[in-house]
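Contents: one structure, followed by commentary.
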Amino acid sequence: LNTTMAYVPKPRPGEMPIDEFKKIAAAIPADVLVVDVRTQDEANAGMIKGAKVLPDEELLDRLIEIPKDKQIVTYCNSGVQAEMAYHKLKEKGYKVKFLNANVVFDGKGNYTVEKP
């Protein structure tokens, strides 16, 4: 009997599938707010069109800018800050998901999303 085990990482609570994120990012629906939780400097070097820049460390001071009636999707360069932001927003009662992936910008407005 030969069985091969394939390790499939279990999605973390609140994690959004990459394909779903790409669809949303390509044409952000009216009922979704994509939040870039990196610093303004990082966002200036490239960000997803239509996303709102709200650095993770400023999030709790700027909750007034985040609508409660929308699905919130957070992203950063690696998924680490996005996940921290997810927990903060979840605690405050937001409908939120985060992207657990590397988002790489080329400086020309294009980006790739890859699993770390």
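The values are calculated or read from the model by the stated rules, or taken from the named source; none is laboratory data. Small disclaimer: the values here were computed from a predicted structure and weren't measured. Backbone-built Cβ (ideal geometry, glycine too); neighbour counts: all protein chains shown. Ligands, DNA and RNA are stripped out before the accessible areas are found, and what is left, the full protein with its side chains, is counted by its heavy atoms. Shrake-Rupley method; radii C 1.70, N 1.55, O 1.52, S 1.80 Å.
What is the Cα centroid distance between the stretch 1-69 and the stretch 86-114, reported in whole angstrom?
Centre-to-centre distance over Cα atoms comes out at 2 Å.
Evaluate the relative contact order of the chain (contact order divided by residue number), counting alpha-carbon pairs under 8 angstrom at least 6 apart; express in whole percent.
27 percent
How much net charge surrounds Ile24 when only the other residues with a Cβ under 11 Å from the Cβ of Ile24 are counted, with Lys and Arg +1 and Asp and Glu -1?
Details: positive: Lys22, Lys23, Lys97; negative: Asp19, Glu20, Asp31.
Here the charged neighbours net out to 0.
Send over the Kirkwood Rh of the stretch 7-51, from the inverse of the averaged 1/r over different Cα pairs, rounded to one decimal Å.
Kirkwood hydrodynamic radius for the stretch 7-51: 12.3 Å.
What span do the alpha-carbon atoms of the chain cover on each of the three principal axes, reported in whole Å from largest to smallest?
Between the extreme Cα coordinates on each principal axis of the chain lie 59, 36, 26 Å.
Leaving ligands, DNA and RNA out of it, report the carbon-plus-sulfur percent of the accessible area of the chain at a 1.4 Å probe.
54 percent
Would you mind checking the tilt of helix 80-91 against the longest principal axis of the Cα atoms of the chain, expressed as 0 to 90 degrees and rounded to 10?
Here the helix axis deviates by roughly 70 degrees.
Name the residue, out of Asn77, Asn44, Asn100, whose mean-square fluctuation peaks in a Gaussian network model built on the chain with Cα pairs under 10 Å.
Highest fluctuation of the listed residues: Asn44.
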